[in-house]
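Report on one structure; see the data block that follows.
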Amino acid sequence: MKKTKFVGVFFSLICVFAVGALAQNTASSGQLCSKDMPDRLDVSVKLTNSTKTTINVHFVNYDNCQEFLDTPIFTANPGQTLNVTGQHGVAYRIREAGTKNLLKEIILVPNMPQINITAAAPAAVRPKPANLPAPKDEVIYVFKNEANVTNCTPNLGWAKCIQLADPTIRIMATKGVSQSAMNGVANVYAEITRRLGPKYPRNKLDTFIVHMTNAEPWSELINLAPIGMAYPQQPYQSSGDFLRGYGNPDNLWITEQMICKTGVKTRNDTGKVKDNQARTFDQVIHEFGHSIDSNFLTRQQAGIFKFATMTPLESFAYHVTQWFRSPDFGVSVPANNQAVLKELFTTQATFSCDGYKP
């Protein structure tokens, strides 16, 4: 779907101001970034200024959570109601025009209720998913902690292999994948599987295989089984060269390009579809979410999941990334979805990028 007009205007402003004015105009407070959501849906929300001062609405960048304080997208006088529009996933910060005090952060999602901005609004913090249990675990440093793995023999065409202790998931990688990334992924999957509830025995994943690549050219990967045959070659947006990942019942594919980085090199090198999104463990968890779905959930359980306009299949995977806050979309989770997640996982966790050595 075509981007809304004002976003295009704003990006034009970035081209004009970014070189000379970024340092003095970016804001340091606030953590919510705009997110590039797959549905590209145009959404809007009514925002009422109930303060006694003029307020400005600032677009928040995708890459670094920053905004340009001198170029607000919308301005509302006291008592005025705005129709704030943008694509699903676009984030804004609302500030007092004079003091530039931060009043609220919002991220656009479908069917948002009307927002009322008051002087008593709390300082913006990254919102937590509604009605999910509070985190019970400390931040897990998956790159600093040594994974409980042993070496194994890789399948034909793959350069490296390590195996988790329980469940005995094997992680196979190309020579371009760093040992740090393999160690981190092993710890992420070990932490997720140990949180599976009693109704979901993790030994069901004992023969599961994780395939990891990096920024290799597609000509190098197209003949590598099983990933090279996973997608059609055309059109580009549906090809393995663009997607570089999937989650199946018995194996998955992820790329180190999307682990604790901003931007995807192979996508940007083609120039066809630019990708400068900041990621932590989004793909690592999302693709595993698909594999968890196909291994542990009934079709009745999986069919109830709803995230924006996505299919239940994609919605479940997005809710799993939200459960493990990679990222936290800050949207309300329906009660029936919560019930499945709370039964599936005993606790939540947060994974840190600290210590990563690509």
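Being charged (D, E, K, R) and either under 27 Å from the mean Cα position of the chain (by Cα) or surrounded by 15 or more Cβ atoms within 10 Å (Cβ to Cβ) (or both) is the filter here; which residues of region 41-67 pass it?
Kept after step one, since they are charged (D, E, K, R), are these residues of region 41-67: 42, 46, 52, 63, 67.
Selection gives Asp42, Lys46, Asp63, Glu67.
Just to be sure before I move on: is Trp323 touching a Leu at 6+ places or on another chain (Cβ under 8 Å), among the aromatic types (Phe, Trp, Tyr) and either assigned by TED's automatic domain parsing to the domain that holds Asn145 or without any contact (Cβ under 8 Å) to a residue 60 or more places away in the chain (or both) in the structure I sent?
Details: touching a Leu at 6+ places or on another chain (Cβ under 8 Å): yes; among the aromatic types (Phe, Trp, Tyr): yes; either assigned by TED's automatic domain parsing to the domain that holds Asn145 or without any contact (Cβ under 8 Å) to a residue 60 or more places away in the chain (or both): yes.
So Trp323 fits the description; yes.
Matching residues to (1) crowded, with 20+ Cβ neighbours inside 10 Å; (2) in contact with a Lys or Arg (Cβ under 7 Å, 6 or more places away or on another chain); (3) farther than 26 Å from Met172 by Cβ; (4) not polar (S, T, N, Q):
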{"site": "Ser238", "(1), (2), (3), (4)": "no, no, no, no"}
{"site": "Met258", "(1), (2), (3), (4)": "yes, yes, no, yes"}
{"site": "Val264", "(1), (2), (3), (4)": "yes, no, no, yes"}
{"site": "Thr280", "(1), (2), (3), (4)": "yes, no, no, no"}
{"site": "Ser294", "(1), (2), (3), (4)": "no, no, no, no"}
{"site": "Gln300", "(1), (2), (3), (4)": "no, no, yes, no"}
{"site": "Ile304", "(1), (2), (3), (4)": "no, no, yes, yes"}
{"site": "Ala308", "(1), (2), (3), (4)": "no, no, yes, yes"}
{"site": "Ser332", "(1), (2), (3), (4)": "no, no, yes, no"}
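Search region 72-92 for residues being within 27 Å of the chain's Cα centre (by Cα) and part of a loop (DSSP other than H, G, I, E, B), and hand back the single one that is farthest from Lys104 (Cα to Cα). Give the derivation first.
Taking region 72-92 first, the residues within 27 Å of the chain's Cα centre (by Cα) are 72-74, 83-92.
The next check asks that each one be part of a loop (DSSP other than H, G, I, E, B); those that pass are 72-73, 88-90.
On the way: Pro72: 14, Ile73: 15, His88: 18, Gly89: 16, Val90: 14 Å.
It comes out as His88.
Can you report the number of residues in region 277-300 which are of a type in the set (Ser, Thr, Tyr), under 14 Å from Phe208 (Cβ atoms) and touching a residue at least 60 places away in the same chain (Cβ under 8 Å)?
Quick first cut of region 277-300, residues of a type in the set (Ser, Thr, Tyr) only: 280, 291, 294, 298.
Cutting the leftovers down to under 14 Å from Phe208 (Cβ atoms) gives us 291, 294.
In the following step, the residues that additionally are touching a residue at least 60 places away in the same chain (Cβ under 8 Å) were identified as 291.
Residues flagged as of a type in the set (Ser, Thr, Tyr), under 14 Å from Phe208 (Cβ atoms) and touching a residue at least 60 places away in the same chain (Cβ under 8 Å) within region 277-300 amount to 1.
Restricting to region 170-193, count the residues that are farther than 14 Å from Val149 by Cα and touching a residue at least 24 places away in the same chain (Cβ under 8 Å).
Kept after step one, since they are farther than 14 Å from Val149 by Cα, are these residues of region 170-193: 173-178, 192-193.
Now narrow it down to the ones that are touching a residue at least 24 places away in the same chain (Cβ under 8 Å): 173-174, 176-178, 192-193.
So the count comes out to 7.
Do we have Asp293 as closer than 15 Å to Val340 by Cβ and acidic (Asp, Glu) here?
Taking the combined requirement at face value, the residue satisfies it.
Looking only at region 264-283, decide whether some residue is in contact with a Leu (Cβ under 9 Å, 6 or more places away or on another chain) and among the aromatic types (Phe, Trp, Tyr). Spell out how you get there, then give the answer.
Within region 264-283, the subset in contact with a Leu (Cβ under 9 Å, 6 or more places away or on another chain) is none.
Within region 264-283, none of the residues are in contact with a Leu (Cβ under 9 Å, 6 or more places away or on another chain) and among the aromatic types (Phe, Trp, Tyr).
The values are calculated or read from the model by the stated rules, or taken from the named source; none is laboratory data. Bear in mind that the values here come from a model prediction, so they are computed numbers and not experimental data. Glycine also receives a Cβ, built like all others from the backbone with ideal geometry; neighbour counts cover every protein chain displayed.
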